[in-house]
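One structure is given here, and the rest of the page talks about it.
The values are calculated or read from the model by the stated rules, or taken from the named source; none is laboratory data. Computed from a predicted model, the values in this text were never measured in an experiment. Please note: Cβ atoms are built from the backbone with ideal geometry, for glycine as well, and neighbour counts cover all protein chains shown. Protein only, heavy atoms only, side chains kept; ligands, DNA and RNA dropped before computing areas. Shrake-Rupley method; radii C 1.70, N 1.55, O 1.52, S 1.80 Å.
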Amino acid sequence: IDVGAAYGTLEIYKQFPEATHLLIEPLEEFRNDLEKIAQQHKAYYINAAAGANPGKASLNVHPDLVGSSLLKECEISDVNGIARDVPLVTVDNLCVELKLGGPYLIKIDVQGAELEVLAGATKVLNDTEAIILEVSLFKFYSNNPEIHEVISYMKERGFVVYDIWGGHYRPLDGALAQVDILFVKEQGQFRNNHFYATQEQRTALTKRLRPTI
């Protein structure tokens, strides 16, 4: 499930060629790219924003398109662009309507509104093994959660951090601004072993650290 698909997350589609993909993206500007992807892969393309409840929403269409958000950015510039009304759907409803079943991998990149998307996916989360979220270290948008709030939110719902990558640094001062975090079920298949290494790996590691042994 790719929420905020933009030009598409080809790395995921290629890694899971046999999976059914659900692409959710509110901007018409990405329609051609996503329709092509839907033809090349087993995918459904939904031209809408995802949130906690179905209805309509005002999307702030940024000049660069990819930064567009349901939230307004706090920056003093023209970055918020032009407001546009878009349909609002929930992940839960879409999966029921399209008869999509788990296990699910969810990727959400919606510029600060990630937790709103998850609030509309409570049933789907029961069958979800992994969730990729773009997370901010600052309040770039009005009311966007910061990294510690996201980690706490996910922990309360049974998901914990598994990997972190893709750091972006803000031009203002070079500080780390956003990262991608992979969350997995705390009691799921990716955490069924808490060993650091196998016996063979530990022996090799010890020899490398203390070669005279």
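For region 170-213, what log10 I(q)/I(0) values come out of the Debye formula at q = 0.15, 0.16, 0.20, 0.24 1/Å, with one point per alpha carbon and no solvent?
Cα-only, vacuum Debye calculation for region 170-213: -0.71, -0.73, -0.75, -0.84.
Would you check the chain for Lys pairs whose C-alpha atoms are within less than 15 Å, ignoring same-chain pairs closer than 8 in sequence, and give me the count?
9
Quick one: length gained pulling Glu129 to Tyr169 fully straight, 0.36 nm per residue minus the C-alpha distance?
Values: separation 40, 0.36 × 40 = 14.40 nm, distance 2.91 nm.
Taking Glu129 through Tyr169 to full extension adds about 11.5 nm, to one decimal.
Say R0 is 30 Å: what FRET efficiency, to the nearest 0.05, do Tyr7 and Arg191 get from their beta-carbon distance?
Numbers: r = 32 Å, r/R0 = 1.07.
Efficiency for this residue pair is about 0.40.
Quick one: helix 31-40 against the long Cα principal axis of the chain, what's the angle to the nearest 10°, folded into 0 to 90?
50
Taking every DSSP beta bridge that has both residues in the chain, what percent is antiparallel when rounded to the nearest 5? Don't skip to the answer; put the middle values down first.
Numbers: 24 of 40 bridges.
Taking every DSSP beta bridge within the chain, about 60 percent pair in antiparallel fashion.
Just to confirm a number: summing +1 for Lys and Arg and -1 for Asp and Glu over residues other than Ala43 whose beta-carbon lies under 11 angstrom from that of Ala43, what do you get?
Values: positive: Lys36, Lys42; negative: Asp2, Glu35.
Net local charge, Ala43 excluded: 0.
What angle do you read, to the nearest 10 degrees and between 0 and 90, between the alpha-carbon axis of helix 147-156 and the longest principal axis of the chain?
Tilt of helix 147-156: around 80 degrees.
Could you pull out the longest piece of the chain with no exposed loop chymotrypsin sites (Phe, Trp or Tyr not before Pro) in it, calling a site exposed if DSSP puts it outside H, G, I, E, B and it has at most 10 other Cβ atoms within 10 Å?
Counting at most 10 other Cβ atoms within 10 Å as exposed, the longest clean stretch of the chain is 1-194.
Hand me the trypsin sites (Lys or Arg not before Pro) from region 81-118 located in a DSSP loop with no more than 12 other Cβ atoms within 10 Å, in residue order please. Could you put the intermediate results ahead of the total?
Details: sites: Arg84, Lys99, Lys107; in loops: Lys99.
Taking region 81-118 and a limit of 12 other Cβ atoms within 10 Å, the loop trypsin sites (Lys or Arg not before Pro) found are Lys99.
I want the local charge near Glu149. Using Cβ-Cβ distances under 15 Å, sum +1 for each Lys or Arg and -1 for each Asp or Glu among the other residues.
Working: positive: Lys139, Lys155, Arg157; negative: Glu114, Glu116, Glu134, Glu146, Glu156.
Result for the neighbourhood of Glu149: -2.
Given H placed on each backbone N at 1.01 Å, which residues far from Ala57 in sequence or on other chains put an amide H within less than 5 Å of it?
Val86, Leu88
When the expected Rg is taken as 2.2 N^0.38 Å, what fraction or multiple of it is the alpha-carbon Rg of region 43-170? Numbers along the way, then the final one.
Values: Rg = 15.0 Å, N = 128, 2.2 N^0.38 = 13.9 Å.
That ratio works out to 1.08.
How much accessible surface does Arg202 have with a 1.4 Å probe, in Å² rounded to 10?
Arg202 has an accessible surface of roughly 100 Å² with all protein chains in place.
So how far, in whole Å, is the C-alpha centre of region 197-213 from the one of region 84-114?
About 46 Å separates the Cα centre of region 197-213 from the one of region 84-114.
Sort 34-43, 171-180 for me by packing, meaning the mean count of neighbouring Cβ atoms within 10 Å per residue, highest on top.
On the way: 34-43: 15.5, 171-180: 12.2.
In decreasing order of mean packing, 34-43, 171-180 become 34-43, 171-180.
Determine the sum of side-chain charges near Asp109: Lys and Arg each +1, Asp and Glu each -1, restricted to other residues whose C-beta is under 12 angstrom from that of Asp109.
Numbers: positive: Lys107; negative: Asp2, Glu25, Glu114, Glu134, Asp180.
Spelling it out: positives minus negatives among the neighbours equals -4.
Would you give the gap between the C-alpha center of region 37-51 and the C-alpha center of region 9-30, rounded to a whole Å?
6
Mind listing the phi-derived Karplus ³J(HN,Hα) values for region 186-196, rounded to whole Hz, using 6.51, -1.76 and 1.60 with θ = phi - 60°, and x for any glycine or proline?
4, 10, x, 5, 7, 10, 7, 9, 9, 5, 7
For the chain, find the longest principal axis of its Cα atoms and tell me its angle to the long axis of helix 199-209, 0 to 90°, nearest 10.
Approximately 80 degrees, to the nearest ten.
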